[in-house]
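Visitor: Can you read through this structure? Questions will come right after.
The values are calculated or read from the model by the stated rules, or taken from the named source; none is laboratory data. Quick caveat, the model's predicted, so the values are computed rather than measured. Here Cβ is always computed from backbone atoms with ideal geometry, including for glycine, and neighbour counts include all displayed protein chains.
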Amino acid sequence: MTMIVEASAVKPANLKADHLAQDQSTTTTVGEISSPNPRMVCRDINVWYNNNHAIKHVSLDIGKNEVIAMIGPSGCGKSTFLRCLNRMNDTIPAARVEGSITLDGQEIQDKGIDVVPLRARVGMVFQKPNPFPKSIYENIAYGPRIHGLTNSRAELDELVETSLQRAGLWKEVKDRLDAPGTGLSGGQQQRLCIARTLSVSPEVILMDEPCSALDPIATAIIEDLIDELRQQYTIAIVTHSMQQAARVSQRTAYFHLGDLVEVGTTDDIFNQPKHKLTEDYITGRFG
């Protein structure tokens, strides 16, 4: 059964899309916002940056063991929404977030929630690789140490190795763990950051354009890694590459000017979109 959720008015993205305003001055979220096996449940999310209403009444489930891709033109709100999922918007003084977001049934918007363990449970991989100015080993060991996840050096060594193996980096760095993480290639640095995220045993992994700064070979390695990781983790990825969204995700959500316009299986979104805004973006008419 398709669920329809009220959303605010949608305006054309640019002059090429002016014709869209003639018959779509308002829109609704088309498609099934809920997941049969949700890890995170978001309802009626609104985000303001001062007076700018950046996210408008968005409701969406993030399902277990799936990759959901968030696509849309620049400035549409997809990264802002992603940052709501581990309260990264709290670090922006001008930002205000309203609505309900639950992780395994627990409301993460409550004022009493400690965001440090929350961000361990819902880890973030950023657009540009950001390894710590430490050794490869210490990049991975830092999180488990501050969260008290290991009781001995032997346990920590094992956790570092396991995290690097899961990120597909162990064979490349096992003989130089004392070398600086910043000395790795761009693709290796991004996998190091993924390994760092995995080291604190997250439940959800958020990726904000994780391949935008990488070459095609490194991008392919990261995409293969994402497909492997979804067997154990829930992954939400923001990407400007529709080809990447089609390759790595099982569900896709299309954002436009702060509205969630359409959500559905990735095959449906790319092959038979139901909303004209989605179709025009997918076919390159605007964006």
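Visitor: Could you tell me which numbered condition I113 fails, if it satisfies all but one of (1) more than 23 Å from C211 (Cβ to Cβ); (2) among the aliphatic types (A, V, I, L, M); (3) not in a loop (DSSP other than H, G, I, E, B)?
Guide: Failing condition for I113: (3).
Visitor: A further question follows. Examine segment 226-242 for a residue that is of a type in the set (V, I, T) and over 30 Å from K56 (Cα atoms), and state whether such a residue exists. Step through it out loud before you land on a result.
Guide: So the first thing to find is which residues in segment 226-242 are of a type in the set (V, I, T), and the list is 226, 234-235, 237-239.
Those still in the list that are over 30 Å from K56 (Cα atoms) too: none.
Within segment 226-242, none of the residues are of a type in the set (V, I, T) and over 30 Å from K56 (Cα atoms).
Visitor: I'd like to know if segment 77-84 contains one or more residues that are in contact with a strand residue (DSSP E or B) (Cβ under 6 Å, 6 or more places away or on another chain), surrounded by 14 or more Cβ atoms within 10 Å (Cβ to Cβ) and polar (S, T, N, Q).
Guide: yes
Visitor: Can you run down the residue pairs with Cβ atoms below 7 Å, 6 or more apart or on separate chains, where the first is in segment 225-241 and assigned to a loop (DSSP other than H, G, I, E, B) and the partner is of a type in the set (G, A, S)?
Guide: What qualifies is T239/A69; T239/A245; H240/S212.
For every residue, the table says whether it meets (1) assigned to a loop (DSSP other than H, G, I, E, B); (2) basic (K, R).
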{"position": "P36", "(1), (2)": "yes, no"}
{"position": "R43", "(1), (2)": "no, yes"}
{"position": "V47", "(1), (2)": "no, no"}
{"position": "R83", "(1), (2)": "no, yes"}
{"position": "N89", "(1), (2)": "no, no"}
{"position": "G99", "(1), (2)": "no, no"}
{"position": "P117", "(1), (2)": "no, no"}
{"position": "Q127", "(1), (2)": "yes, no"}
{"position": "P133", "(1), (2)": "yes, no"}
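Visitor: I've got another one for you. Scan D104, D90, D44, D61 and give me the residue that is of a type in the set (D, E, K, R) and buried (at least 18 other Cβ atoms within 10 Å of the Cβ).
Guide: D61
Visitor: Answer yes or no: is there a residue in segment 198-217 that is among the acidic types (D, E), more than 17 Å from the chain's Cα centre (by Cα) and over 18 Å from K78 (Cα atoms). Let's see the steps before the verdict.
Guide: Applying the first criterion (among the acidic types (D, E)) to segment 198-217 yields 203, 208-209, 215.
Then keep just the ones that are more than 17 Å from the chain's Cα centre (by Cα); that gives 215.
From what's left, over 18 Å from K78 (Cα atoms): 215.
The answer is yes; a qualifying residue exists.
Visitor: Taking the residues in segment 256-279 that are among the polar types (S, T, N, Q) and more than 18 Å from D61 (Cα to Cα) as candidates, determine which candidate is surrounded by the most Cβ atoms within 10 Å (Cβ to Cβ).
Guide: Looking at residues that are among the polar types (S, T, N, Q) and more than 18 Å from D61 (Cα to Cα), I get T278.
Visitor: Among I269, I217, which is modelled with pLDDT under 95, farther than 22 Å from N86 by Cα, part of a helix (DSSP H, G or I) and out of contact with any helix residue (DSSP H, G or I) (no Cβ under 6 Å at 6 or more places or on another chain)?
Guide: On inspection, the qualifying residue turns out to be I217.
Visitor: Then there is this: Could you please tell me which pairs satisfy a Cβ distance under 8 Å, a separation of 6+ or placement on different chains, a first residue in segment 261-287 that is more than 18 Å from I68 (Cα to Cα) and touching a residue at least 40 places away in the same chain (Cβ under 8 Å), and a second residue that is of a type in the set (G, A, S) and surrounded by fewer than 19 Cβ atoms within 10 Å (Cβ to Cβ)?
Guide: Listed pairs, sorted by first residue: none to list.
Visitor: Please determine whether any residue of segment 239-254 is surrounded by fewer than 20 Cβ atoms within 10 Å (Cβ to Cβ), under 22 Å from L229 (Cβ atoms) and among the hydroxyl-bearing types (S, T, Y).
Guide: Yes: one or more hits.
Visitor: Turning to a different aspect of this structure: Mind listing just one residue for me: the one in segment 107-147 that is closer than 22 Å to V160 by Cβ and among the polar types (S, T, N, Q) and, of those, surrounded by the most Cβ atoms within 10 Å (Cβ to Cβ)?
Guide: Keep residues of segment 107-147 that are closer than 22 Å to V160 by Cβ, which gives 116-117, 119-126, 129-147.
Retained after the next criterion (residues that are among the polar types (S, T, N, Q)): 130, 135, 139.
Details: N130: 14, S135: 18, N139: 26.
Step by step, filter segment 107-147, then rank; the result is N139.
Visitor: Oh, and also: Which of the numbered conditions does Y254 fail, given that it passes all the others? Conditions: (1) more than 23 Å from V116 (Cβ to Cβ); (2) assigned to a helix (DSSP H, G or I); (3) at pLDDT 95 or above.
Guide: All conditions pass for Y254, except number (2).
Visitor: For segment 146-164, enumerate the residues that are modelled with pLDDT under 95 and either part of a helix (DSSP H, G or I) or out of contact with any Gly (no Cβ under 9 Å at 6 or more places or on another chain) (or both).
Guide: Those that are modelled with pLDDT under 95 and either part of a helix (DSSP H, G or I) or out of contact with any Gly (no Cβ under 9 Å at 6 or more places or on another chain) (or both): I146, H147, G148, T150, N151.
Visitor: Pull out all pairs, ordered by first then second residue, where Cβ-Cβ is under 8 Å, the residues are six or more apart or on different chains, the first lies in segment 176-202 and is outside any helix (DSSP H, G or I) and at pLDDT 95 or above, and the second is among the small types (G, A, S) and surrounded by fewer than 20 Cβ atoms within 10 Å (Cβ to Cβ).
Guide: The qualifying pairs are L177/S135; D178/S135; A179/S135; P180/S135; S185/A218.
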